[in-house]
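Contents: one structure, followed by commentary.
The values are calculated or read from the model by the stated rules, or taken from the named source; none is laboratory data. All of these numbers come straight from a predicted model, not from anything done at the bench. Counting neighbours? That spans all protein chains shown, and the Cβs are built from the backbone with ideal geometry, glycine included.
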Amino acid sequence: MKNPPVVVSLPIRYGDLDPYGHVNNAVHLMFFEEIRLSYWRALADEIGFEDLEAGDIPGARYVIAESTIRYKAPVFLDDILHGAASIRTVGNRSYVMDFEVRKGDSFENGTIICEGSAAHVFFDPTSAEVQPRPDWFLTAVAGLEGRTEESFVPEDS
């Protein structure tokens, strides 16, 4: 991942370790959640919104329809981790976010320990229905990512 709009430090807790002394595989998805929350905070700043609602911008709630993760290297308690996210595509009712976690002194110079993605579907928790993406979403993501809106169109569209 080159020039991600959001990079965050990720703490490793003793309780994250498995019996072999490395971070349990399930913890990597929790790393993705921390990265996603940082991305949403940056997106909120992009549109001038101050208070997140359960980690989301009101009117832009979502559910995760699919997650993938590829493990590249083990992580141990004393490793220093950095995570990044970038949105790959934006559809009419969903978006795909890519994640990368690296270990080392910085994200830019770190070794990839895992990478993955998640498909998010905009969802209204009150009606329990899928909803269209908010009007402001694509413009704000393009601004945060420094890309054109057209570059987010899914390939199968």
Among (1) under 15 Å from His120 (Cα atoms); (2) part of a loop (DSSP other than H, G, I, E, B); (3) of a type in the set (S, T, N, Q), which single condition is Ser106 missing? (1)
Near pairs, Cβ below 7 angstrom, 6+ apart or cross-chain, from the range 1-17 (under 13 Å from His28 (Cα atoms) and touching a residue at least 60 places away in the same chain (Cβ under 8 Å)) to any residue that is surrounded by fewer than 14 Cβ atoms within 10 Å (Cβ to Cβ) and not polar (S, T, N, Q): Ile12/Leu77; Leu17/Leu77
Every residue from the range 37-51 that is out of contact with any Gly (no Cβ under 8 Å at 6 or more places or on another chain), of a type outside the set (Ser, Thr, Tyr) and touching a residue at least 40 places away in the same chain (Cβ under 8 Å): Ala42, Leu43, Ile47
Considering every residue within the range 142-156, establish whether at least one is free of Cβ contacts under 8 Å to residues at least 60 places away in the same chain and surrounded by 19 or more Cβ atoms within 10 Å (Cβ to Cβ). no
Filter result (touching a Gly at 6+ places or on another chain (Cβ under 8 Å) and over 14 Å from Asn25 (Cα atoms)) within the range 56-80: Ile80
Got at least one residue in the range 44-52 being modelled with pLDDT of 90 or more and among the hydrophobic types (A, V, I, L, M, F, W, C)? yes
Take the range 36-51 and flag every residue that is assigned to a helix (DSSP H, G or I) and either over 21 Å from Ser9 (Cβ atoms) or not aromatic (Phe, Trp, Tyr) (or both). Arg36, Leu37, Ser38, Arg41, Ala42, Leu43, Ala44, Asp45, Glu46, Ile47
